[in-house]
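The values are calculated or read from the model by the stated rules, or taken from the named source; none is laboratory data. No experiment lies behind these values; they were computed from the predicted model shown. So basically every Cβ, Gly included, is an ideal-geometry build from the backbone, and we count neighbours across all protein chains shown. Just so you know, the surface numbers come from the protein's heavy atoms only, side chains and all, with ligands and any DNA or RNA stripped out. Shrake-Rupley method; radii C 1.70, N 1.55, O 1.52, S 1.80 Å.
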Amino acid sequence: MAVITLPYRYLEELVGTDRETIMKRLPMIGADIEREFEDHADVEFFPDRPDLFSTAGVARAMRGFLGIEGGLSDYEVKPSGISFTVDKNLKDIRPFLGTAVIRNVSLGEEAIESLMSLQEALHWAVGRGRAKVAIGVHDLDAVTPPFRYLASEKKRTFVPLDFEKAMTLDEILKEHPKGCDYARLVEDFPLYPLIVDAEDEVLSFPPIINGELTRVTTETTNILLDCTGTDERAVRRAVNIICTAFAETGATIESVEIDGEQVPDLSPAERRVSVKECNTLLGVELDAASMAGLLRSMRFGAEPDGDEIIVQVPCYRGDIMHDWDIFEDVAIAYGYENFDAGLPQSFTIGKPHPVMKLMGTVRTIMAGLGLHEMMPFTLTNERVLFDRMQRERSDAVLHLTHPISEEQTVMRTDILPMLMEALQFNQHHELPQKIFTVGDVIENTETFQKVAAVSTHTDADFSEIYAIADALCRELGLDYSVQESEDPAFIDGRRGDICVDGKKVGVFGEISPDVITAFELGQPVAALELDLRAVPGRL
Amino acid sequence: MTELTLNEKRLLTVLAHHKTSDPRTLADEMDATEDAVVQYAHLCDERGLAVLNRNVSVTYRLTDEGKIYREEGLPERQVYNSIEESTSMKDLQKHPLSKIAIGWMRKKGWIEIRAGVVTRSGDAPAGEDEKALADPASATPEAIKALLKRNLILEEETVTHEISITPAGIALVKAGLDLTEETGTLTREEITSGAWKDLRLRKYDVHKVPKRIYPGKTHPYMRLIDEMREILLDMGFTEIYGDIIQSSFWNFDALFQPQDHPAREMQDTFFLDLHRPVPEDYEKVRDMHESGGETSSTGWGGVWNKAKAEECVLRTHTTGLSIQHLAKNPKPPAKVFCVSRVYRREAIDPTHTPEFEQLEGFVMDDGVSFRHLMGFLKEFYRRMGFKDVRFRPAYFPYTEPSVEPEVYVDGLGWVELGGAGIFREEVTAPWGIKCPVLAWGLGVSRVAMLKMGLTDLRQLYRSDVDWVRESPINRQE
């Protein structure tokens, strides 16, 4: 989500109405008002609407939404006569270039800030942090066309923005703040991207940094826009958004020739959509004329044509990928608060999932035996899962490749260690404490369920936990037998394996004092754990 | 005043003769234990019919070591007595108690040691500690302290009681007390024979609060989850459940999330060193991403990478399970839900945990539309106790149109709770699903915090056992 600063005065000027009216309706176009200040508001827009990342873009949308001005904004583009060549050697480095000339800009401090913030927001939303798209803005009058976008030797030098002396491209990657931030995007290439003018002066080193030479100030009246990247669509979209934003504030856009083609092309794309399909999807009954009217209030061009509408999609709406993207705009214009929310007639019968049902049964049994349920994490670490339990570390455990902390590095294979931890968290609380958990574990990449229980008090012992284990198995309908256990978490001679069909499916007994003290406890602990895959008729 | 118990009456009757006495005497007369007598006296004291005085006196008892030294003298005394006017250190150390004694003799100034020669000094008078050892009762506090420190005596507290009757008590006895035997619990004989009617049944004090006991319980959070499951089951939804491990294909790609989306980076998602092959019809999903397939979509463009789709993750949402279910069951109608744990790579703090519950539901049927989605949301939230629901435009990568429900909470105002939308056609078309799929999801842990008034998310997973024990099963809103 991108947070944009909207200065009220400027917004009012561009929209043509008061701030209260604008701010009241703004959320219903798809925005989150984060904070309101004396003279501006911080508003969050969705990442699929980068055309709203500037005051001019928001104003354009709100003029439509408030009924002040509708339909397509007309963007006239005349050729500038300037050309730009793209070096073929950039093909495997950073092949795509978008550009435009923007004349008659009037840039106050506020406008420059707004431009920079739009650039950053676009880098984030469209550019994937400059990898896909990087935007550079230059004072056109400081350089001489034609321009060249080429793959340069690394020892080429120029004076980067905010610095005073010339540096080589490699030096910039190491010493300039932006160089350090984005070096990884180019450092592996044999040559680096560079934009130069007719006199070999450097405009920029995309995607890293512009030159000090073409710095944009409040004095600048003509801008050269450069947009380089690895995704052609994204590059075009970024150029369209910036150009149209400037155009909205009164600047003129002129095209540049790249390889015989004039760019940018700010003309709309055309789509034919079905009125019936839109009505069916939304659950409304609009006729073609009304639907077209709604689309015009969302700044589309729209003309009914029988049972279809011919829609002109503005060049800055990169989020329109499918007909339904247009239908969402119809819904927004219609007003979400105006929908007749109601339930459909469909009849279905509900059914719980067998695993949830089984776990519910286990809960009933354990609560019935007087225990209290805990819901610990499933993520844990090998110290808790194995070492403290005096058990061997197992290969069957699932590891996270990039854990966020030392405490969560693996998925639990057993629940019992989590309950010991729960007792540890509760060591200063009154005894007796008798708790259980039933839930997922992962062993050998298989997700399945286990139940575990612990009882701690001065008289917690083998016969208590055997009785609980026996009751649990009986109530679950398990035909089980018990063998002597070798599980090192329990005291020798006070532990049993629960077996079904000759296979070990569970264990119970008195927990070893080594384990008890490893969890900072002191009283006897009796415990059990059972693999619920053993339960007959499960799934 | 509630009636006196029989035992209180018996105590007063006996005490009336003695006026003042001790538990031993009274116990013998009443044929009861001293502890019991103290108990009855306490009850009478509460009513002002007797006075129970409790005295704690301290006595001293010699330890075994102390007893030995009382007979044979303290080690330093024994050793002192055994040496001549002067002795060599070497000879002195031959005495078995020399190790303890030398230190004490020096401390007490009984000897001087110079150049390996030990000389008696002064005449080593009997110390307070030695007197105390012989007769602890008459010892000075300092001497007692010294002996305690050397573990030669132990301090014991003796509690004695003195019970006296008050004028009110005497008056009551004079007025006459009915000492007929009271019956506590009835026997089978007494009940069935009717004999109980002639017995005097002891009355119990209804104002005395009983000892607290607790039923075994499911976790309060689980109870909330079950409430939400019930709501959906009541509305005709079928529950699904599945693997925690998901391939990127089902967790991201099948949901039309582009392969370069930030959520698919290591920072936000728990990746696993595991690969699962893409399913048979994967090309349909690939085509969706690259060009929009057969739909009116342009797709994301670019080249779709099969290997990336085979990387496994801990599921970041349950939507992967939903689309897998739909892929296997593309024919309408379907009303499905899931409440399960999902994983995000976030550090643990009061409002974030790396794992938490998410609820997800979807409806797939002929003729369902966006307005029905709002209808489901309104109904679902109403049953959860939120009567006021409103809707705002939203954005999710796999739904279009999307909507964000907000509920009104007293004290907080409008709160965003979950998200919803219609699955994009790019998501459903590969599997032959022809009807719209209405979907919504919400973070259950967040709802739990709202409804249970919690401020710290960790309370749900690192629970205080007292909180679990005390949370009433019938929760009040």
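Miscellaneous remarks
- Degrees separating the helix B:98-107 axis from the principal Cα axis of chain B, which is the longest one: 80
- The magnitude of the dipole of segment B:222-470, with charges of +1 and -1 set on the Cβ of Lys/Arg and Asp/Glu and taken from the Cα centre, is near 400 debye.
- Residue-level accessible surface for B:VAL303, protein heavy atoms, 1.4 Å, Å²: 130
- Computed over protein heavy atoms with a 1.4 Å probe, the accessible surface of chain A works out to 42 Å² per residue.
- Residue ranges B:435-445, A:28-38 sort as B:435-445, A:28-38 when ordered by packing (mean number of other C-beta atoms within 10 Å per residue, highest first).
- The local environment of A:VAL438, defined by Cβ-Cβ distances under 9 Å, has a net charge of +1 under the rule Lys, Arg +1 and Asp, Glu -1.
- Cross-link table A:LYS24/A:LYS132; B:LYS67/B:LYS107; A:LYS178/B:LYS306, entries beyond 25 Å C-alpha to C-alpha: A:LYS24/A:LYS132; A:LYS178/B:LYS306
- Computed E for B:LYS94/B:LEU148 - FRET, C-beta separation, R0 35 angstrom, nearest 0.05: 0.70
- Prolate/oblate/rounded label for segment B:64-151 (Cα gyration tensor, a/c 1.5): prolate
- Estimated dipole of chain A in Debye, rounded to 20 [Cβ of Lys and Arg +1, of Asp and Glu -1, Cα centre]: 840
- Peptides ranked, highest mean first, by Cβ atoms within 10 Å: ranges B:446-454, B:133-141: B:446-454, B:133-141
- Sequence-distant lysines (8 or more away, or on other chains) whose Cα lies within less than 18 Å of A:LYS503: A:LYS450
- Taken one residue at a time, the phi angles of segment B:153-164 give Karplus couplings (6.51, -1.76, 1.60, θ = phi - 60°) of 9, 10, 8, 10, 9, 10, 9, 10, 10, 10, 10, 10 Hz. Gly and Pro are set to x.
- Projecting the Cα atoms of A:ILE33, B:TRP104, B:ILE225 onto the charge dipole of the protein assembly as shown, computed from C-beta unit charges around the Cα centre, puts B:TRP104 farthest toward the positive end.
- Computed over chain A: relative contact order in percent, which uses C-alpha pairs under 8 Å that are six or more apart: 12
- In degrees, nearest ten, helix B:319-328 long axis to first principal axis of chain B (Cα): 50
- Of all aspartates and glutamates in the structure, those lying under 14 Å Cα to Cα from A:LYS155, and not within fewer than 8 positions of it along the same chain, are A:ASP170, A:GLU171, A:GLU187.
- With R₀ fixed at 56 Å, the C-beta to C-beta distance from A:THR348 to A:ASP170 puts the FRET efficiency at about 0.30.
- Short-range pairs are left out: with C-alpha atoms under 8 Å and at least six residues apart, the relative contact order of segment B:64-151 is 26 percent.
- Extended-chain gain in nm, criterion 0.36 nm per residue less alpha-carbon gap, A:LYS24 and A:ASP470: 154.1 nm
- For chain B, the solvent-accessible area of protein heavy atoms averages 50 Å² per residue (probe radius 1.4 Å; ligands and nucleic acids excluded).
- Peptide-level mean, for B:335-343, of C-beta atoms on other protein chains within 10 Å: 3
- Here segment A:338-359 and segment B:214-280 have alpha carbon centers that stand 18 Å from each other.
- Part-to-part distance (alpha-carbon centres) for segment A:145-165 and segment A:216-257, which is given in Å: 20
- Solvent-accessible area of the protein assembly as shown (1.4 angstrom probe, protein heavy atoms only): carbon and sulfur portion equals 49 percent.
- Taking every Cα-Cα distance in the protein assembly as shown and sorting them into 10 Å bins from zero, the calculated P(r) comes out as 2, 8, 13, 15, 14, 12, 10, 7, 6, 6, 5, 2, 0, 0 percent.
- Within straight-line reach of B:LYS331, meaning a Cα separation under 22 Å, sit the following lysines at least 8 residues removed in sequence or on another chain: A:LYS351, B:LYS284, B:LYS434.
- Segment A:397-462: relative contact order in percent, alpha carbon pairs under 8 Å with at least 6 residues between: 34
- B/A buried area, accessible surface, summed, 1.4 Å probe, Å²: 7300
- Selection from B:ILE323, B:GLY293, B:VAL437, by position along the positive dipole direction of segment B:222-470 (Cβ): B:VAL437
- The mean number of partner chain beta-carbon atoms within 10 angstrom of a residue's beta-carbon across peptide A:367-374 is 6.
- Partner shielding of B:462-471 amounts to 6, given as the average count of beta-carbon atoms from other chains within 10 Å of each residue beta-carbon.
- C-alpha long axis of helix B:34-47 to longest principal axis of chain B, angle in °: 70
- Taking Cα centre as origin and charging only the Cβ of basic (Lys, Arg, +1) and acidic (Asp, Glu, -1) residues, the dipole magnitude of chain B rounds to 280 debye.
- When nucleic acids and ligands are ignored and a 1.4 Å probe is applied, A:LEU343 ends up with an accessible area of around 90 Å².
- Shape class for chain B: oblate, because the ratio a/c of the largest to smallest gyration tensor axis (alpha-carbon atoms, square roots of eigenvalues) is 1.5 or more and b/c is at least a/b.
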